[in-house]
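The values are calculated or read from the model by the stated rules, or taken from the named source; none is laboratory data. Just so it is clear, the structure is predicted and the values come from calculations on it, not from any experiment. Cβ placement follows ideal geometry from the backbone for every residue including glycine, while neighbour counts extend to all protein chains displayed.
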Amino acid sequence: MQLPQSLKQAITPCSAAAGLAVSFLSSCSLGPDYEAPDLRVSANWQSEGSSILARNRSKVDSKWWRQFKDPVMNGLVEDAYDENLNLRVAALRILESRTLLGIAQGNLLPQSQAASGNVLGVRDTGGGSPDILSASVGFDASWELDFWGKFRKSIEVADANLMADVASFDDVLISLTAEVATTYVNIRTLEERINLAQQNAKLQKESLDIVDLQFQAGTVTELDVLQAKTLLTSTQSQIPRFQSSLYQLQNALGVLLAEDVKVIRKKLTRTKGIPIAPTNIAVGVPAELLRRRPDIRRAELLAMAQSERVGIARADLYPSFSLTGFLGSSSTDFGTANLENVFNSSNVGYTFGPTFRWNILNYGRIRNAVRAEDARLEIALTDYQNTVLNAAREVEDGMTSFIHTQREAEFLRQGVESSKKSSEISMIQYKDGLTDYQRVLDSIRSQTQREDEYANARGTIATDFIAMYKALGGGWEMRDRENAIPGHIRDKMMQRTNWGSFLQSSSETAPLDSKGGSNS
């Protein structure tokens, strides 16, 4: 359909004016500009005087779990990255935020563009006239100009939210890695404690047999036998409790990896023993937390987004300006007219021009909305500061616990050696009649307790190491190796919906970071 010459003449100067308006008004924006709060970050860690942390201000190891040199742990962490469902949800939320960013970007263009048409039957209520058919086709558009930067600020909000979701994904990945490693260490610790309990039960059964033979020979009283049985059953009672906890941890690991527990148990048979944490660690400097910890990055990004929302709310205090237009044609079959004439240029009509809207007499509602957004901004800034302080506290707590648990474990190791020697000497003296059986019972009980405490401390050293690296923000860098949304999930989503290039599979760096993607 050809446009009438009069419409062409009307559109040309308006288009030029609109272009000038857009370029001129692009500099109009209602604040506030984001200002980062004052962050109190120490220059050094309080625990750096320890020989474990001294001389280790180098960069934090991004794959810290490999320092255990445990192939099963390494494999479990990799499997969790591929299969964990919470991590997959976090990745899908990034995808959602990318689409929302695309919507915000689209609002810079004409917001309303619609084609319409109809064919209607009309009948005169008098009943004397014949039925009339009418037809019309048209196109209308409306473009609210971004006079006060409202739409540009909306893009900044969507962009900050996208990056906050990326940081949330990284935070979930850090927590997942630490949880998998911690669960694995706890499993190995329980296996060790079960093994020790079984060995001690065997030792105590042998002691009971000796006492029982002596009782039958009449050289000792029944009290010695009963005391030996009590110690044995006390040790044996620990085994079912440990086994129950072990099965629960195996089930928990199965959930983290989204695998059947039978598969998990098969994987756990490949190695044995409590993973040994390295004696020296690299912790970097406190200022690195601001760059490494995803939860800190997320807190600041949310504060930045909230700062832009204040400007968006302020824009409602001022008039909005739009360009609106309609182009259409209509015809009827009344008289000599014909419905086909709807496509003739002589039946074309149009409207076009600028409009404005101003919410006057708002009775303070808009100003209070601005105040509410400003209060939320201050809340976000305070949350950001609090996140930084808590992050530093978590690192310090992790370091302190790691250092002191190693010292505790050394004392317990010495105690195990002493208790073993004490048990051997007391048994020899008992057989020679130089001491009573109570001394033997005390020695065996002490040995059993010290060995269990030492095994538990060794596991705690490993879990403290994990907690410290979690606090340092180590582990999220592994996401660079591939897309966190599995290929079969992407294929299913593509079959269901046209995702354009959003779900494009690639072996590049994590595509979920990208702001790209087709809106078509």
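Looking only at the stretch 340-347, decide whether some residue is without any contact (Cβ under 8 Å) to a residue 60 or more places away in the chain and in contact with a strand residue (DSSP E or B) (Cβ under 6 Å, 6 or more places away or on another chain). Yes: one or more hits. Take the conditions (1) more than 22 Å from ALA178 (Cβ to Cβ); (2) surrounded by fewer than 20 Cβ atoms within 10 Å (Cβ to Cβ); GLU477 misses just one of them, which is (1). Total residues in the stretch 402-421 satisfying the condition of being surrounded by fewer than 19 Cβ atoms within 10 Å (Cβ to Cβ) and hydroxyl-bearing (Ser, Thr, Tyr): the figure is 1. Comparison of GLU396, GLU417 shows that the only residue that is among the charged types (D, E, K, R), under 43 Å from the mean Cα position of the chain (by Cα) and assigned to a helix (DSSP H, G or I) is GLU396.
Yes or no, residue by residue, for (1) in contact with a Cys (Cβ under 9 Å, 6 or more places away or on another chain); (2) at pLDDT 90 or above; (3) in a loop (DSSP other than H, G, I, E, B):
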residue	(1), (2), (3)
GLN447	no, yes, no
ASN456	no, yes, no
PHE465	no, yes, no
ARG479	no, no, no
ASN483	no, no, yes
MET494	no, no, no
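Answer yes if at least one residue in the stretch 297-306 is of a type outside the set (S, T, N, Q), modelled with pLDDT of 85 or more and farther than 30 Å from SER175 by Cα, and no otherwise. For the stretch 297-306, residues of a type outside the set (S, T, N, Q), modelled with pLDDT of 85 or more and farther than 30 Å from SER175 by Cα: absent. Comparison of SER142, SER168 shows that the only residue that is of a type in the set (Ser, Thr, Tyr), within 54 Å of the chain's Cα centre (by Cα) and over 30 Å from LEU76 (Cα atoms) is SER142. One residue is enough: does the stretch 140-161 have a residue meeting the conditions small (Gly, Ala, Ser), surrounded by fewer than 21 Cβ atoms within 10 Å (Cβ to Cβ) and in contact (Cβ under 8 Å) with a residue 24 or more places away in the chain? Yes, there is a match, as at least one residue in the stretch 140-161 is small (Gly, Ala, Ser), surrounded by fewer than 21 Cβ atoms within 10 Å (Cβ to Cβ) and in contact (Cβ under 8 Å) with a residue 24 or more places away in the chain. Confirm whether VAL180 is of a type outside the set (D, E, K, R), at negative phi, at pLDDT below 90 and buried (at least 20 other Cβ atoms within 10 Å of the Cβ). Against the criterion (of a type outside the set (D, E, K, R), at negative phi, at pLDDT below 90 and buried (at least 20 other Cβ atoms within 10 Å of the Cβ)), VAL180 does not qualify. The helices (runs of 4 or more DSSP H) falling completely within the stretch 1-113 that include 2 or more residues that are at pLDDT 90 or above and closer than 30 Å to ILE489 by Cβ map to 71-83, 85-106. Counting only residues that are assigned to a loop (DSSP other than H, G, I, E, B) and acidic (Asp, Glu), which one in the stretch 250-296 is surrounded by the fewest Cβ atoms within 10 Å (Cβ to Cβ)? Checked the stretch 250-296; the qualifying residue surrounded by the fewest Cβ atoms within 10 Å (Cβ to Cβ) is ASP260.
Among residues of the stretch 432-445 that are in a loop (DSSP other than H, G, I, E, B), those with a beta-carbon under 9 Å from a residue that is modelled with pLDDT under 85 and polar (S, T, N, Q) at least six positions away or on a different chain give the pairs GLY433/THR219. Please go through the stretch 217-249 and pick out each residue that is of a type in the set (Phe, Trp, Tyr) and either touching an Asp or Glu at 6+ places or on another chain (Cβ under 9 Å) or buried (at least 17 other Cβ atoms within 10 Å of the Cβ) (or both). Of everything in the stretch 217-249, just one residue is of a type in the set (Phe, Trp, Tyr) and either touching an Asp or Glu at 6+ places or on another chain (Cβ under 9 Å) or buried (at least 17 other Cβ atoms within 10 Å of the Cβ) (or both), namely PHE242. Give LEU302, LEU232, LEU246, LEU226 a once-over and let me know the one that is in a helix (DSSP H, G or I) and under 30 Å from THR400 (Cα atoms). Result: LEU246 is the single residue among LEU302, LEU232, LEU246, LEU226 that is in a helix (DSSP H, G or I) and under 30 Å from THR400 (Cα atoms). Among the residues of the stretch 233-261, the one identified as acidic (Asp, Glu) and in contact (Cβ under 8 Å) with a residue 60 or more places away in the chain is GLU259. Quick check: is even one residue across the stretch 359-368 within 23 Å of GLU144 (Cβ to Cβ), over 31 Å from the mean Cα position of the chain (by Cα) and in contact (Cβ under 8 Å) with a residue 60 or more places away in the chain? Looking for residues that are within 23 Å of GLU144 (Cβ to Cβ), over 31 Å from the mean Cα position of the chain (by Cα) and in contact (Cβ under 8 Å) with a residue 60 or more places away in the chain, one finds none in the stretch 359-368, hence no. In this structure, does SER346 turn out to be modelled with pLDDT of 90 or more and assigned to a helix (DSSP H, G or I)? Criteria not met by SER346.
Here is a check on your reading of the model: is THR219 of a type in the set (Val, Ile, Thr) and within 29 Å of the chain's Cα centre (by Cα)? So THR219 does not fit the description; no.
Criterion applied to ASN359, ASN341 was being surrounded by fewer than 17 Cβ atoms within 10 Å (Cβ to Cβ) and assigned to a helix (DSSP H, G or I), and the one residue passing it is ASN341. Checking each residue of the stretch 136-154 against the condition of being among the acidic types (Asp, Glu) and touching a Pro at 6+ places or on another chain (Cβ under 8 Å) gives no match.
The residue list VAL285, VAL261 contains one member that is modelled with pLDDT under 90 and of a type outside the set (D, E, K, R), which is VAL285. Regarding the stretch 323-334, can at least one residue be identified that is at pLDDT 85 or above, buried (at least 17 other Cβ atoms within 10 Å of the Cβ) and part of a strand (DSSP E or B)? Yes; the residues of the stretch 323-334 include at least one that is at pLDDT 85 or above, buried (at least 17 other Cβ atoms within 10 Å of the Cβ) and part of a strand (DSSP E or B).
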